[in-house]
């Protein structure tokens, strides 16, 4: 389950990066470094509505995510040992859990923390979280087309920032 969340987060990150380099800096690192803001009810609804548009193309979205992730940082490819279709399924499942938990992220906080700790074993470092966020946002942009608005992008970026921050803080305590 934890692997699925990681891969889901990775998928979302790949989408971010593909959007463009300018938005990557603005929406990934910014939300990881700053104290995360809670999501508003409107932002949660934007994420859920957009996620419903991605679910029918989840297999393709996962393929795009990993393709973009490896394009952005070819070194991360060595971190994956299994079949990417299996990893993609876990990513989509994890993203689904996160999207369905946005009203109360404390319910999945322990899961995210444990996932962050496990990713150290796989060789994931803090810099990878930015790349994953960029890839995820890019995939969302590709999959949503005209439905990928600035508001949708901001909502997903904040959500990813909350997730990444939780994982990073658990994996790399001060």
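Structure summary
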{"item": "Between the stretch 102-174 and the stretch 57-83, the alpha-carbon center distance in angstrom", "result": "15 Å"}
{"item": "Anisotropy class of the stretch 94-171 from Cα gyration tensor, a/c 1.5 cut", "result": "oblate"}
{"item": "Burial ordering of 64, 95, 112, 84, fewest other beta-carbon atoms within 10 Å first", "result": "84, 64, 112, 95"}
{"item": "Taking 68, 48, 81 and counting other C-beta atoms within 10 Å, the order from fewest to most", "result": "81, 48, 68"}
{"item": "Gyration tensor (alpha-carbon) shape descriptor, the stretch 46-164, a/c threshold 1.5", "result": "oblate"}
{"item": "Contour excess over end-to-end distance, with Cα ends at residue 106 and residue 83 and 0.36 nm allotted per residue", "result": "5.2 nm"}
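Coordinate-derived values only; no laboratory data. As the structure is a prediction and not an experimental result, all values here were calculated from the model. Heads up, the Cβs are rebuilt from the backbone with ideal geometry, glycines too, and the neighbour counts pull from every protein chain shown.
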